[in-house]
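So the structure is just underneath, and the comments pick up after that.
The values are calculated or read from the model by the stated rules, or taken from the named source; none is laboratory data. Note that the structure is predicted; figures quoted are calculated from it, not measured. So basically every Cβ, Gly included, is an ideal-geometry build from the backbone, and we count neighbours across all protein chains shown. Calculation scope for accessible area: heavy atoms of the full protein, side chains included, ligands and nucleic acids excluded. Shrake-Rupley method; radii C 1.70, N 1.55, O 1.52, S 1.80 Å.
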Amino acid sequence: MPPKTVPLPTYNQVTKHNLAAIQPMIVQLLKHASFIALDAEFTGLGSNLGATRANDMQERYQNLSNLAKSHALVAFGLSIFILDSSSAPEKAQDGDSPQNPENAYKVHNFNFSMLFEKDYMVSPRSMLFLAENGLDLNQWILEGIPYTGGCRLNNEGGRGNPNGIMRSIFKRIMNQHVPVVVHNGFLDLIFLYHSFYADLPPNLAMFVADLSDMFPGGLYDTKYVSDYITREQSSFLAYLFRKYERQDARSNSQYKSKDTPGAKPVKLFSTFDVQGRLPLPPQLARQEPTRTVPAKNANQPVFCEDYAYHGVCKKNMKCGKSHDLDVILDAEEAALEAKKNKRRKTKATTNDQVTSDNSTSQDDVVMFTASQNEASETSTNRPKEDTENTTSGAPGVDRDSTSEKTDASTDILSKSGTTKAKAQIFADETLKQPSLSSSSSDSAPAENFHSAYFDAFMTGTIFAHQLNEHDATEVEKSAKNKIYLIGKSFPLKIEKSAFSKFSPGHDRQRQGARVPEK
């Protein structure tokens with residue numbers, strides 16, 4: 001059976017040719033954002049991975065700064081999530097379903113091809129990985145948006161200059177007073193700071209102080225949430241995306257059958273209406289690539305454990321085992337169900353033994369008191385919830401590859417702005433996509449596809465699920481301005497110390513500074 005061809009989530013490919021035309025539309029969409037997800041792709045991670053994971057955090061920051069200065073940004077992914085205010089769920093009573101459990105988002109995806117104008121280092125292995133996962137090297141070289149990095153120079157041109165436009169868009173993202181979301185994003189933030197903002201500060205304390213002032217809506221890291229709040233078994237990006245997509249699809253299905261007798265309570269879930277490409281002149285439009293989904297094979301080998309736990313496989317395309325996340329998640333669910341069945345059998349056996357012992361003497365049964373009956377029921381009929389909770393794991397440790405990536409309130413986290421007014425602007429030009437929360441695995445993006453916009457999109461959908469699972473107030477309290485650190489049992493806290501100063505580059509940006517509203 002030939003492989004099926006399925007479109008990837010719709011996105012806007014931004015190049016030096018259409019950047020100026022698409023900028024005003026990005027600015028308008030950012031004004032209505034509920035939250036914003038970012039991702040970055042680089043030309044390499046350096047030859048000394050140990051240096052970028054140094055135990056001393058100042059040394060680690062210095063090494064990562066040197067990496068960002070010597071390498072280049074290949075692509076910048078931006079996903080803008082706009083919550084439909086009419087879909088806001090109502091609070092449910094304990095044990096009951098919310099009146100409307102659906103959080104419906106409109107999503108606009110952007111993939112910026114970036115081309116550094118200075119000399120830089122390239123890792124052949126990293127570029128091969130990106131090429132195997134969808135990067136068009138010819139398009140990158142011929143159409144990439146030129147940028148200089150560091151502090152902006154006086155001779156870099158005016159507003160129409162691509163480098164200036166990218167810096168302006170980045171400042172708009174900073175100034176929206178909504179959550180900005182990354183996944184394992186420490187290195188992403190270093191690269192983005194250096195590429196679109198200013199020279200990197202000389203030390204970590206200054207860098208953290210700058211970030212705390214740059215993003216008034218707060219920085220959130222979905223990997224930190226998944227490891228230390230949700231406590232997931234694995235926390236690499238594609239795993240979380242597919243797992244939560246399946247869970248949301250089930251909740252959506254339950255909600256649609258809510259009037260069925262015996263239906264279970266429905267949890268909060270999210271749906272994502274991925275918007276069509278923004279209207280551009282025909283000469284600037286670009287065809288959307290497709291991805292290939294292998295046909296299901298009954299003789300498919302067992303899944304790759306390295307990929308299941310870490311999100312990477314050293315054998316890459318040559319691995320003979322399955323990297324299909326549905327296969328991995330199905331196996332996990334089957335193993336969990338097998339454990340539950342084993343416990344049920346054990347409990348049933350215990351009950352049978354107690355019944356047998358108690359029936360040996362009718363006189364003994366008659367002599368049972370009410371208190372003894374209660375004690376027996378407590379010991380032999382343990383609630384199902386207790387047995388299921390024994391499967392909870394400890395906080396996750398790092399299982400990722402090196403490539404993983406104003407006072408905000410609940411109102412900010414659910415901000416929708418004038419979404420309907422915005423929708424009217426683009427209604428005639430944009431194509432409406434069905435929600436990606438579908439139970440069909442064919443409609444889900446492939447786990448072996450890798451790009452900046454797609455990683456940003458996955459990061460945003462994961463964050464939406466985490467807001468549903470833990471409540472926006474809890475996420476804000478527990479995860480705001482905490483960035484995941486590889487190999488550490490604590491996050492990087494984005495807060496200015498009383499003893500630290502802002503960097504000279506950030507001070508210049510503050511003085512000159514905030515982007516005026518148009």
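So in segment 503-516, with the set limited to residues that are open to solvent by less than 70 Å² (accessible area, probe 1.4 Å) and assigned to a helix (DSSP H, G or I), which one is farthest from Tyr197 (Cα to Cα)?
Asp507
Leu78 versus (1) within 23 Å of the chain's Cα centre (by Cα); (2) open to solvent by 10 Å² or more (accessible area, probe 1.4 Å): which is the lone unmet condition?
(2)
Is one or more of the residues making up segment 454-465 of a type in the set (Ser, Thr, Tyr) and modelled with pLDDT of 95 or more?
yes
Name the residues in segment 446-502 that are outside any strand (DSSP E or B), closer than 27 Å to Pro202 by Cβ and of a type in the set (D, E, K, R), would you?
Lys480, Lys488, Glu495, Lys496, Lys501
So, in segment 454-499, exactly how many residues are surrounded by 19 or more Cβ atoms within 10 Å (Cβ to Cβ), among the polar types (S, T, N, Q) and out of contact with any strand residue (DSSP E or B) (no Cβ under 7 Å at 6 or more places or on another chain)?
1
The conditions are (1) open to solvent by 40 Å² or more (accessible area, probe 1.4 Å); (2) assigned to a loop (DSSP other than H, G, I, E, B), and Asn138 fails exactly one of them. Which is it?
(2)
Mind listing whichever residues of segment 120-134 are outside any helix (DSSP H, G or I) and open to solvent by 60 Å² or more (accessible area, probe 1.4 Å)?
Tyr120, Met121, Val122, listed by residue number.
If I ask for residues that are open to solvent by 10 Å² or more (accessible area, probe 1.4 Å) and out of contact with any Lys or Arg (no Cβ under 7 Å at 6 or more places or on another chain), which ones from segment 173-186 would you list?
Scanning segment 173-186 gives Gln176, His177, Phe186.
Across segment 222-234, what is the total count of residues that are over 18 Å from Phe454 (Cβ atoms) and open to solvent by less than 10 Å² (accessible area, probe 1.4 Å)?
Residues in segment 222-234 being over 18 Å from Phe454 (Cβ atoms) and open to solvent by less than 10 Å² (accessible area, probe 1.4 Å): 4 in total.
Among the residues of segment 61-86, which ones are of a type in the set (D, E, K, R) and under 27 Å from Phe35 (Cα atoms)?
Across segment 61-86, the qualifying residue is only Asp84.
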